[in-house]
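Each value in this text was obtained by applying a stated rule to the coordinates, not by laboratory testing. Note that this is a predicted model, so its numbers are computed, not measured. Using ideal geometry, Cβ is built from the backbone for each residue, glycine included, and neighbour counts are taken over all protein chains shown.
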Amino acid sequence: MHLMTLALPQEPSDGIAGWAADLVDAMGGPGAGLAIALENLFPPLPSEVILPLTGFAAGQGVISLASALFWTTLGSVVGALVLYWIGMLVGRRRMHAIWAKLPLVKTSDLDRTEQWFEKHGTKAVFIGRMVPIFRSLISIPAGVERMPLPVFALLTTLGSLVWNTVLVMAGYWLGDQWDEVETYVGVFSKVVLVAVLVAIVVYVVMRFRGRDRRRHAS
């Protein structure tokens, strides 16, 4: 089937948007799915560019809206499953061995993390699919903890469908202004990243203080 050429506000060869546009032009819905699968495996590829662009393509008649949602969600699930299987291959024993060699951490920290994941893992996988940065990372601990694969696949599908639908529909409705989505989601991504960095800094500071207290006590 011959596809219409997707005309971007920028030059089609520009960066990630041009690359994603070329995939959609060449392969249709499966091209959008491939782009999102790669985005899951390589988080620097931004879904906030690929998904609205796919919605814009649907608005231009290059692909159907149903195809855009189906293939991007399938791509999300495929990418997440690859990371899940990587987590399974690493396994708990190897993860504990790696963790024990890291500075400023204790085995008990990992034990508490595992206990937390046992209680809240289903919510974490579902909600994590809608949070930048964690969208990809949440699949690895799910694999390490061997969350039942049907449960993981269902939660990933539902969470991905929500996220993908919001961004694809935004691009569909905004038309030529689809790239505005990246601005707003980019702000949210930066807020999440700053929060994570602050949490890491606080954690490291508390670890150093705890170590100093133990030295003074001894």
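So what are the ³J(HN,Hα) numbers for the range 166-175, from phi and the Karplus equation (6.51, -1.76, 1.60; θ = phi - 60°), rounded to whole Hz, Gly and Pro as x?
4, 6, 5, 5, 4, x, 5, 6, 6, x
Give the order of PHE42, PHE134 when sorted by the count of other beta carbons within 10 angstrom, beginning with the fewest. Working shown, then result.
Details: PHE42 10, PHE134 17.
Lowest to highest Cβ neighbour count: PHE42, PHE134.
Quick one: order TRP71, TRP116, TRP19 by neighbouring beta-carbon count within 10 Å, fewest to most. List each step's numbers first, then the result.
Values: TRP71 25, TRP116 12, TRP19 16.
Sorted ascending by nearby Cβ count, the order is TRP116, TRP19, TRP71.
Which distance in nm do the two modelled labels at GLU180 and ALA26 give, with both placed 7 Å along the Cα-to-Cβ direction?
3.2 nm
For GLN60, enumerate residues with amide H under 5 Å from its amide H, sequence gap 5+ or separate chain, H modeled in the peptide plane.
It is none; the list stays empty.
Once both labels are modelled 7 Å past Cα along the beta-carbon direction, what's the MET130-GLN60 spacing in nm?
It is 3.0 nm.
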